[in-house]
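Asks: This structure is in structure tokens; I'll ask about it shortly.
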Amino acid sequence: MPEFHYTARDSDGQKVTGTLLAAGRREAAATLSARAVFPLEIRDAAPAVAVQKIRRIPAQLQAVTFGQLADLLRSGVPLLRALEVVEKQTSHAGLRQVLGEVRHAVEQGASLAEALARFPRIFGEMAVNMVRAGGEGGFLEEALSRIADFTEAQDDLKKRTFGAVIYPIVLAVVGGTIVTVLLVFFVPMFREFFARLDERNELPALTKGLLGLSDTLRSYGLIILAAAAGGVFFLRRKLGTESGRLWRDRMKLRVPLGGPIFQQLAVARFCRVLGTLLRNGVPILRSLEIAREATGNRILGAAIGEAMENVTAGQALAGPLEASGQFPPAVVEMIAVAEQANNLETVLTNIADTLEKRMWRKLDIAVRLLEPLLLIVMAGLVLLMTIALMLPILKMSQTIG
């Protein structure tokens, strides 16, 4: 629940200020009126300026913090004391400031979930809702422990994915740089050497093309670079719009080799987040709303949105997911069986584990294929340049002979 600062006058006409928790400004005004206080100004209570500048805390550090809070609460330490202990022992200055604000909000009467909700850029909706469900259901330490496990697993997945694709990316960048340097600085050295053959129109077509490409890069390289930068800037602007994001998400699912990997990753995220939220007592509709955002793909998000409408009407979840065509048939079938058996949260977690294992196998195969493919392409380009430069030399040798 948000916190509001207010300025008001009491029954004696004296100006008073303070803070209160309310669902909105209207509820805050009604609360003040019930206290026989006339509100003059009601505004959102924002965190300190230094804390507002903190946009991100490393996921691994968040996982450690949630785990420490869970251990302290499980050992019988009161919440305020646990927050103080974690705040003092953390080495991250930004996290220390955030925990200080959270502890201050709890001291003022806010729940832990309400205090965390004041920092949406740091603590996601999933963590806030799980803490809220744990606080209301009396299993806060278990909810914090599960948040720690989930955050650590997601961070590990991101790091493993980045580690798998970084080598092919570096290989492509280095290869492209080497070829460009050869075309711009090495190939022009042969132009005067081939000038006589060019005048007699005896220069091979492959050599002419190579020299033309080299001249183009030397003459218009900066223009080409500026045009590429402009294209990247335009693409970033386009992807910043809703239609651009929709196009990007659709293309990600259609990439020949990566499409199935992107799809399985998005479905695995959906299943894991939904299963974790349901296990922690978060209502099904709220869980679906958060899990839809967690997929990171608007195409799948639209299918989940339609499923939410069915669930609101009292129908099953599996039907609209199957109709969308974006979820694998085996996943839909397991969800349908789990709904009938009333163990959806357990099955969703198992589905996420299975999909992530499959995704890793496919990603590993894709990377293993991509690395030699890039090497072959680089070797082919260098060989092509070598042949283009050697053909005139061989022709001149034959003429002299």
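Asks: Please determine, by comparing only the residues of region 93-143 that are in a loop (DSSP other than H, G, I, E, B) and over 25 Å from the mean Cα position of the chain (by Cα), which one is nearest to Arg74 (Cα to Cα). If you could, list the steps in order and put the result at the bottom.
Replies: Pass one, region 93-143, residues in a loop (DSSP other than H, G, I, E, B): 108-111, 118-124, 138-139.
Subsequent filtering for residues that are over 25 Å from the mean Cα position of the chain (by Cα) retains 108-111, 138-139.
Working: Gln108: 23, Gly109: 22, Ala110: 21, Ser111: 18, Gly138: 12, Phe139: 10 Å.
Among those that are in a loop (DSSP other than H, G, I, E, B) and over 25 Å from the mean Cα position of the chain (by Cα), it is Phe139.
Asks: When region 13-47 is examined, which residues are found to be at pLDDT below 75, loosely packed, with under 12 Cβ neighbours inside 10 Å and not in a helix (DSSP H, G or I)?
Replies: Hits for region 13-47 are Gly13, Ala23, Glu41, Arg43, Asp44, Ala46.
Asks: Sort through Ile351, Ile387 and tell me the only one that's in a helix (DSSP H, G or I) and out of contact with any Cys (no Cβ under 7 Å at 6 or more places or on another chain). Give the derivation first.
Replies: On the way: Ile351 fails: out of contact with any Cys (no Cβ under 7 Å at 6 or more places or on another chain).
Matching residue, one of Ile351, Ile387: Ile387.
Asks: Suppose we filter Ala379, Ala330, Ala336, Ala341 for residues that are of a type outside the set (S, T, N, Q), more than 27 Å from Ala268 (Cβ to Cβ) and without any contact (Cβ under 8 Å) to a residue 24 or more places away in the chain; which single one remains?
Replies: On the way: Ala330 fails: more than 27 Å from Ala268 (Cβ to Cβ); Ala336 fails: more than 27 Å from Ala268 (Cβ to Cβ); Ala341 fails: more than 27 Å from Ala268 (Cβ to Cβ).
The match here is Ala379.
Asks: Just to be sure, is Leu239 closer than 23 Å to Arg132 by Cβ and assigned by TED's automatic domain parsing to the domain that holds Thr180? Steps first, answer last, please.
Replies: Details: closer than 23 Å to Arg132 by Cβ: no; assigned by TED's automatic domain parsing to the domain that holds Thr180: yes.
So Leu239 fails the test.
Listed here are the residues, each with its yes/no results for (1) within 25 Å of the chain's Cα centre (by Cα); (2) under 18 Å from Ile261 (Cα atoms); (3) assigned by TED's automatic domain parsing to the domain that holds Ser243; (4) surrounded by 14 or more Cβ atoms within 10 Å (Cβ to Cβ).
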residue	(1), (2), (3), (4)
Thr295	yes, yes, yes, yes
Ile299	yes, yes, yes, yes
Met308	yes, no, yes, yes
Ala316	no, no, yes, yes
Leu321	yes, no, yes, yes
Gln326	yes, yes, yes, yes
Ala330	no, yes, yes, no
Glu333	no, no, yes, no
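Asks: For region 124-165, enumerate the residues that are free of Cβ contacts under 8 Å to residues at least 60 places away in the same chain and of a type in the set (Val, Ile, Thr).
Replies: Of everything in region 124-165, those that are free of Cβ contacts under 8 Å to residues at least 60 places away in the same chain and of a type in the set (Val, Ile, Thr) turn out to be Val128, Val131.
Asks: Oh, and also: I'm checking my understanding of the structure. Among residues of region 170-218 that are among the acidic types (Asp, Glu) and surrounded by 13 or more Cβ atoms within 10 Å (Cβ to Cβ), which one is nearest to Leu374 (Cα to Cα)?
Replies: Keep residues of region 170-218 that are among the acidic types (Asp, Glu), which gives 192, 198-199, 202, 215.
Add one more test, that the residue is surrounded by 13 or more Cβ atoms within 10 Å (Cβ to Cβ), and what stays is 198, 202, 215.
On the way: Asp198: 34, Glu202: 34, Asp215: 26 Å.
Residue satisfying both the conditions and the ranking: Asp215.
Asks: Restricting the search to region 366-400, which residues are over 30 Å from Asn201 (Cβ atoms) and in contact with a Leu (Cβ under 9 Å, 6 or more places away or on another chain)? Before you say what the answer is, go through the steps one by one.
Replies: Here is the first cut: in region 366-400, the ones over 30 Å from Asn201 (Cβ atoms) are 366-379.
The answer is Ala366, Leu369, Leu370, Glu371, Leu374, Leu375, Met378.
Asks: Still on this structure, I have one more. It is to be established whether one or more residues within region 271-278 are among the hydroxyl-bearing types (Ser, Thr, Tyr), farther than 30 Å from Leu384 by Cα and touching a helix residue (DSSP H, G or I) at 6+ places or on another chain (Cβ under 9 Å).
Replies: Of region 271-278, the ones among the hydroxyl-bearing types (Ser, Thr, Tyr) are 276.
This time we only want the ones that are farther than 30 Å from Leu384 by Cα, so: 276.
Now narrow it down to the ones that are touching a helix residue (DSSP H, G or I) at 6+ places or on another chain (Cβ under 9 Å): 276.
Looking for residues that are among the hydroxyl-bearing types (Ser, Thr, Tyr), farther than 30 Å from Leu384 by Cα and touching a helix residue (DSSP H, G or I) at 6+ places or on another chain (Cβ under 9 Å), one finds at least one in region 271-278, hence yes.
Asks: Looking only at residues that are charged (D, E, K, R) and exposed (fewer than 14 other Cβ atoms within 10 Å of the Cβ) in region 48-73, which one is modelled with the highest pLDDT?
Replies: Let us first name the residues in region 48-73 that are charged (D, E, K, R), namely 53, 55-56, 71.
Checking the rest, the ones that are also exposed (fewer than 14 other Cβ atoms within 10 Å of the Cβ) come to 53, 55-56.
Working: Lys53: 58, Arg55: 61, Arg56: 72.
Step by step, filter region 48-73, then rank; the result is Arg56.
Asks: Here's a check for you: in region 377-394, which residue that is out of contact with any helix residue (DSSP H, G or I) (no Cβ under 7 Å at 6 or more places or on another chain) and of a type outside the set (Val, Ile, Thr) is modelled with the lowest pLDDT?
Replies: Per the stated criteria, the residue is Leu394.
The values are calculated or read from the model by the stated rules, or taken from the named source; none is laboratory data. None of the values given here were measured: they were computed from a predicted structure. Cβ: placed from backbone, ideal geometry, glycine included. Neighbour counts: every protein chain shown.
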